[in-house]
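For reference, the structure is listed below as structure tokens.
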Protein chains: 4
Amino acid sequence: MEKIIQEVLDSNRKYTNYGQVASYIPELKKAKRDDLGICIIDKDNNVYKAGNCDTKFTIQSVSKTIVLAMALMDNEWQYVFSKVGMEPSGDPFNSIMKLETNDTKKPCNPMINAGAIVTTSLIKGSTLEEREERMLKFFRRMARNENIGINYDVYKSEKMTGDRNRAMAYLLKNDGFIDGDVDEVLELYFKQCSIEIDAVDLARIGVNLASYGVDIANGERIISESVSRMVKTFMITCGMYDASGEFAIKVGIPAKSGVGGGIMASVPNKMGIGVYGPALDKKGNSIAGVKVLQDLSQRMNLNIF
Amino acid sequence: MEKIIQEVLDSNRKYTNYGQVASYIPELKKAKRDDLGICIIDKDNNVYKAGNCDTKFTIQSVSKTIVLAMALMDNEWQYVFSKVGMEPSGDPFNSIMKLETNDTKKPCNPMINAGAIVTTSLIKGSTLEEREERMLKFFRRMARNENIGINYDVYKSEKMTGDRNRAMAYLLKNDGFIDGDVDEVLELYFKQCSIEIDAVDLARIGVNLASYGVDIANGERIISESVSRMVKTFMITCGMYDASGEFAIKVGIPAKSGVGGGIMASVPNKMGIGVYGPALDKKGNSIAGVKVLQDLSQRMNLNIF
Amino acid sequence: MEKIIQEVLDSNRKYTNYGQVASYIPELKKAKRDDLGICIIDKDNNVYKAGNCDTKFTIQSVSKTIVLAMALMDNEWQYVFSKVGMEPSGDPFNSIMKLETNDTKKPCNPMINAGAIVTTSLIKGSTLEEREERMLKFFRRMARNENIGINYDVYKSEKMTGDRNRAMAYLLKNDGFIDGDVDEVLELYFKQCSIEIDAVDLARIGVNLASYGVDIANGERIISESVSRMVKTFMITCGMYDASGEFAIKVGIPAKSGVGGGIMASVPNKMGIGVYGPALDKKGNSIAGVKVLQDLSQRMNLNIF
Amino acid sequence: MEKIIQEVLDSNRKYTNYGQVASYIPELKKAKRDDLGICIIDKDNNVYKAGNCDTKFTIQSVSKTIVLAMALMDNEWQYVFSKVGMEPSGDPFNSIMKLETNDTKKPCNPMINAGAIVTTSLIKGSTLEEREERMLKFFRRMARNENIGINYDVYKSEKMTGDRNRAMAYLLKNDGFIDGDVDEVLELYFKQCSIEIDAVDLARIGVNLASYGVDIANGERIISESVSRMVKTFMITCGMYDASGEFAIKVGIPAKSGVGGGIMASVPNKMGIGVYGPALDKKGNSIAGVKVLQDLSQRMNLNIF
């Protein structure tokens, strides 16, 4: 396994030359475009690493999977899905149009921004601080890493440049899909996007989802089997922005990417994979990261279909 | 197994009272709304049946999976996907809008009508007759049933009421996604939709996809492993019209439905399932059929996520 | 003339029974649905009235014409039209979709909410208070009525229920069409919508536009000829929400309606007409008001085409 | 007048260097891009010409105004507007999207292709030949020119490249807005677009509309006053493709352009103007032609607002 992932790393390093590091906020631009890291944790808790597995980066949209899991534990699933849909949208992650053209005006799914803002609003807690604490604690639990925290420079920039998300949130509020205060919901949303992790953390989250919600390290249940399945299902149908369909065809593994350059993949009953490569394609996915997962899928026969 | 499917049949029969039999052409209206049939064929070629497994009905959109497989065998996959996309659309099956609003104008995927018309146009043959013969032969091979043929009354009605599909085909022609003669492509498309099958045929097609393209009955390869995976992937992401995401969440099995009332499901490495129940929900899926598959998935732990 | 407008009032009173008084905020619901008032002021400054010409109501979207005039005086017209388009949209007044689907993302025109928020943002003044004062002063000047002021109950309700406008404003901010602070722009926008006027005020504004910007009462120029023409042009192409085309065909007079029940019409070189009738059709236009203008146009041959 | 139009011609000739001659069919590409012609006919039947007024070109979309007039004479106006709307669309002339997204699926107005195909289908005649003859006769009557005929090379090319219009027509048929045979309707539509005229013909049509439907040369009524007003209204709101709003603001005259390079303008109660300049902007309007009309409007104070 060590050998496979090292070979896959080497043969795909060339792809770090393609695409662009995210630049909509200054902090993200600082990432080194030739970084590439792969971590695999299997269900026997073996950890395999290659490349830049210690590099910290912000979790960004990968957080949508974890917050979805939390929303599904904090609320009846029927309630969650009365506020956010289950369908892939075929539109870019920050699209507003479907909120207007579809019948229900409900955001299509929890993996696009509009839907993710809704799931964030479903996190319980009597104050914003409590919600933030509960969220951070849950991220740490999923990743088995007490050191996980928020990158406040990124957070501040997200907040400053967040007018499009603000627009979405007010529309969602107007149409009854967000109950709380819009500013507070966005505060929490910008924070969840700004949580700093590394490839190992992503692999750990991935394997805990792969093992149907049981912590592979100690056998404790973190989330229910059914929630773990739902999250992986959304990862297949909508996890890779508007390239999700292509990724499912070519790789066939539930995965969620973020513009920080991370991809968290979860192979049911087998393993979690964390990949880091900050240069992105136009849809927001790590170019080298996608190539790495495609190779790993083929070499280890991980395609679930 | 016999017992399970009989119980599932009995407990879900009540759902045949909901929804409506398709009525856009007179022939479809003749279906008996309280019919319900389930057939399972596992990878050891055991056949289990309950209910109306002998009732014939037209395959309709389920044909899109088989024609896609054929197009992928008749052409390089890169060529196929230069003409039709890989992304779920989030729109109804007969939507035209995305053909205009997305960047490429390419139909989103081969499971919506526009994309299916493209894959039909990719079937090889020097004449329309030859293409039709090859197609029928391939359907018969996939279902191991030489008696499969076209219901010409349905075909004629499809043709007569096919102006919306005609509109799509001319738009696709205009934008360079169809090469041949529009009338001929539609002729073949209307015929493929009018092929008559039963629940057993659907289960057989499903199991042959589940076994990665190898005929479970005699070990002969019908389609390549990679094609079989692609087809199942599209079934998960776009197989159940614009309820595909919900079906993936609730059932978690690759499946394709048709307005004739059939659903063909394929559980990788395990079994094929054919279900027949002609009363449909508003999105075009058999109401009882979906319920049956949800129960089977839970009772036999078939969810792939 | 007195006779004509009295007859037109009488014969159209029956239409006050159709449609609904605006109800999205409680204050608007208080309007009496059978009120109907008509005022005409011709270019010789003759004032003709019939019906409820003293009833006060909020100006709502009619304010968009006046604020547009002001924006065009406060800025170079080229600058104004770099921030807001000149094209009718064919969409409802509060549509967001076109902000995403059109090439420039620029709001289509200054008569839909998104475009009107932009023109409001172009009103000059070093503080919000100064902008508000200048605006109120300009409304009073156009209507020759120093008593015109803001209905603060309506204003507060607009502000409370304004999340959709808030969403638009943040999107406009995000795309660079609004420069200032979003909350301040909206504050001013909600206030302009809450200005209280009557049918006489509307007729006065109409006649001053009809006379190409010269105050018909004293010969002083209020706005330039070119600005007066632009405003009337937008009234024809986009003044009656998404029924503007129909109104142009059937009535043929530049007019702008508001959900408060008012319509301000301006017949170039002839007269201004103010109509009040609070029961609205589904598109937001006064049902009786439209009928009154259709009759006046026919009886006095006012169609400009 | 002679002097004015000669000066306007001279000062705007430089604009023939901008834009592109239509090239979607080979015949249109043959036009000489530096041709520029202006003809004005006033209501006293004086004819003023400058530049290339004898050059023949195809009428293209200008035909939509004349066929609309004919449809309104052949049918009750209520029936016509049950099949085609009155609203500007804000979309390109060949857009299909609104046919799907608006409530009624009705084409927005008779000046976009979809709506024009509907009005063509409303021309009466027991055979296609009769409809074609009646149409040609009406064009000749409006232009007072018995020599007007069809350019068959253009017609054949339009027909060959007409798949997008074919797509629209089948969609309209499917949704009940076209009654007859789609191929026949398109045959007539392609022919009406291929009628060959010159700037003088356009000025003549324009002045006959300007005089409310009365032939300025002999006092005979050709179309009713009300039809003439409707046509001019659509020219203002939708006559210049998706630059109609801008043209109304900058020029303020009812006008209809075609990709052949012609613009027919009609100043109510004053004059008709025909302009020819084949180099087009991206929206399909003659660049020099628009500039010429802007200058004429300013110099002769023709703005109707």
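The values are calculated or read from the model by the stated rules, or taken from the named source; none is laboratory data. In this text the structure is predicted, and so the values were computed from the model without any measurement. Positions of Cβ are backbone-derived with ideal geometry, glycine not excepted, and every protein chain shown enters the neighbour counts. Protein only, heavy atoms only, side chains kept; ligands, DNA and RNA dropped before computing areas. Shrake-Rupley method; radii C 1.70, N 1.55, O 1.52, S 1.80 Å.
General remarks:
- Rg over Rh, two decimals, region A:1-129 (C-alpha only, Kirkwood Rh): 1.06
- Just so you know, the Cα atoms of region A:62-193 work out to an Rg and Dmax of 14.0, 44 Å.
- Starting from the label point of residue A:180 at 7 Å along Cα→Cβ, the same points in the other copies fall at 3.2, 5.8, 6.4 nm, in ascending order.
- Taking the chain by itself as reference, region D:96-134 contains these residues with an accessible-area loss of 50 Å² or more in the full protein complex (1.4 Å probe, heavy atoms): D:97, D:100.
- Under-5 Å amide H pairs with residue A:149, H placed in peptide plane, nonlocal only: A:196
- Environment charge at residue B:26 (Cβ cut-off 11 Å; Lys +1, Arg +1, Asp -1, Glu -1): +1
- Mean separation of Cα contacts under 8 Å, 6 or more apart, over the residue count of chain D: relative contact order %: 27
- Surface burial for D against C, with a 1.4 Å probe and both sides summed, reaches about 2600 Å² of accessible area.
- Across region A:141-262, Cα-Cα distances exceeding 24 Å account for 42% of all pairs.
- Amide H to amide H distances under 5 Å link residue D:22 with D:280, where only residues 5 or more positions off or on other chains count and H is placed in the peptide plane.
- Cα convex hull of chain D - mean projected area over all directions, nm²: 13.7
- Over all other residues within a Cβ to Cβ distance under 13 Å of residue A:153, the charged ones net out to +3, with Lys and Arg as +1 and Asp and Glu as -1.
- Entry note, the protein assembly as shown: the mean residue ellipticity at 222 nm calculated from DSSP H runs of n ≥ 4, each adding -39500 (n - 2.57), is -14000 deg cm²/dmol after division by the residues and rounding to the nearest 500.
- Volume per residue of the convex hull around the Cα atoms, evaluated for region D:63-107, comes out as 77 Å³.
- Per-residue SASA entry for residue D:11, accessible area with 1.4 Å probe, Å² rounded to 10: 50
- For residue A:153, the distances from its label point to the matching points in the remaining copies are 5.5, 6.7, 7.4 nm, ordered from shortest, with each point set 7 Å beyond Cα toward Cβ.
- When Rg and Dmax are taken over the Cα atoms of the protein assembly as shown, they come to 32.9, 100 Å.
- Rounded Å value of the spacing that divides the Cα centres of region C:193-250 and region D:250-283: 26
- Considering only A:165, A:145, A:113, the mean-square fluctuation computed in a Gaussian network model of chain A, springs between alpha carbons under 10 angstrom, is largest for A:145.
- Alpha carbon centroid spacing (whole Å) that separates region B:35-96 from region B:114-171: 13
- Between this copy and the others, label points of residue C:134 are 4.8, 6.0, 7.2 nm apart in ascending order, each placed 7 angstrom from Cα in the Cβ direction.
- Longest segment of chain D lacking GluC sites (Glu not before Pro) that sit in a DSSP loop with at most 15 other Cβ atoms within 10 Å: D:221-305
- The residues of chain D have, on average, 35 Å² of accessible surface per residue, using a 1.4 Å probe with all protein chains present.
- Degrees separating the helix D:182-193 axis from the principal Cα axis of chain D, which is the longest one: 0
- Normalised per residue, the volume of the convex hull around the Cα set of region B:182-241 (Å³): 124
- The value of relative contact order for region A:62-193, using C-alpha pairs under 8 Å at least six residues apart, is 28 percent.
- For chain B, the longest principal axis of the C-alpha atoms and the axis of helix B:199-210 are separated by about 70°.
- Cα-based helix-to-principal-axis angle, D:287-300 vs chain D, degrees rounded to 10: 60
- Of the solvent-accessible surface of region C:187-251, computed with a 1.4 Å probe and all protein chains present, 42% belongs to carbon and sulfur.
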